[in-house]
Amino acid sequence: MTPETRRLWRAKLKAFAIHVGLSLVVFAVVIAVLIRLWYPEPYFWIDGGLYVMSIAAFVDVGLGPSITLALFRPRDARMPATLAAIAFAQFVAFGGGIYLLYQYRPLFVAYVGFPRNEFFPVTESMLKGATPPSPDLTAQARERPALVYIDLPDEPAERRRLLMGGAMGETTVFQRTDLYRPAEGAWRDRIFAEGARSEPRIEAVHGANAARVRAYVDAHGGNYEAFAFVPLNARYGRGMLVFNRTDGRLIAALRM
């Protein structure tokens, strides 16, 4: 390798390192804020936040600096314009990643009764084409994202049709915002009656992950009956919402 080539590669690697460092700082600050606002624990891990963030990290921290490494020439008069174009393209791509994080953030966590008896995160993208939920629904909610109970019809055929809507290309049950009820008072009591898992069932269904529930109970007084554990089923994993049975408050969300 000639001295000129070595100098060129030193300059390239320096530019690459600076670009990586700046990208990491911007990425870490922005993503930390957005995760805190949009993906409280455990939704980042089990409902797509990690997946979208990984794509954004590849573009922002990997692809952008790699293009700088390939194109950088220290004595090229056109280099400032080239770097500006790279930065602009990286900014646009990173903005697309942020938009995806926004679209897939959980707006509601909806409880679906029999035969599921579980909570499901409902994202902005899932509500496209649906009637906007009542502003009171979120304004009155004690939690973020807001917990709601989906009041399914009692008639079995209609209930089944709603639950199968997504698979049949029809409106999904999550788009029926007219059926959303704030998970408070009697509605929360119904959730506890229908969905709260007994200790033996958690042990049987969740296997090794049941240790997280046992550890939580042991760390908070050791009385299993003081809590209501209701399953949370997301796109990339499962969790368990933990409620205080006395006042109905959501007090924790465990990743299973």
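The values are calculated or read from the model by the stated rules, or taken from the named source; none is laboratory data. All values derive from a computational prediction rather than experimental measurement. Using ideal geometry, Cβ is built from the backbone for each residue, glycine included, and neighbour counts are taken over all protein chains shown. Heads up: the accessible areas ignore ligands, DNA and RNA and are worked out on the full protein's heavy atoms, side chains in. Shrake-Rupley method; radii C 1.70, N 1.55, O 1.52, S 1.80 Å.
A few comments on the model shown:
- Filter result for A208 (without any contact (Cβ under 8 Å) to a residue 12 or more places away in the chain, open to solvent by 30 Å² or more (accessible area, probe 1.4 Å) and within 29 Å of V52 (Cβ to Cβ)): yes
- Scanning the range 109-122 turns up no residue that is under 25 Å from the mean Cα position of the chain (by Cα), polar (S, T, N, Q) and open to solvent by 60 Å² or more (accessible area, probe 1.4 Å).
- Those helices (runs of 4 or more DSSP H) of the range 43-95 in which 1 or more residues are within 22 Å of the chain's Cα centre (by Cα) occupy 43-46, 49-57.
- Residue check for G195: touching a strand residue (DSSP E or B) at 6+ places or on another chain (Cβ under 6 Å), within 17 Å of R249 (Cβ to Cβ), open to solvent by less than 70 Å² (accessible area, probe 1.4 Å) and not polar (S, T, N, Q): yes
- Some residue of the range 106-122 being in contact with a Phe, Trp or Tyr (Cβ under 6 Å, 6 or more places away or on another chain) and part of a loop (DSSP other than H, G, I, E, B): no
- Cβ-Cβ distances below 9 Å connect the following pairs, each with a first residue in the range 80-91 that is touching a residue at least 24 places away in the same chain (Cβ under 8 Å), a second residue that is charged (D, E, K, R), and a separation of six or more residues or different chains: Q90/D60.
- Contacts under 6 angstrom Cβ, first residue in the range 57-69 being under 11 Å from A17 (Cα atoms), partner hydroxyl-bearing (S, T, Y) and outside any helix (DSSP H, G or I), 6 or more apart: none
- Residue identified as open to solvent by 60 Å² or more (accessible area, probe 1.4 Å) and of a type in the set (S, T, Y) among T68, T131, T82: T131
- Scoring A28 on the criteria (1) open to solvent by 80 Å² or more (accessible area, probe 1.4 Å); (2) free of Cβ contacts under 8 Å to residues at least 40 places away in the same chain leaves a single failure, condition (1).
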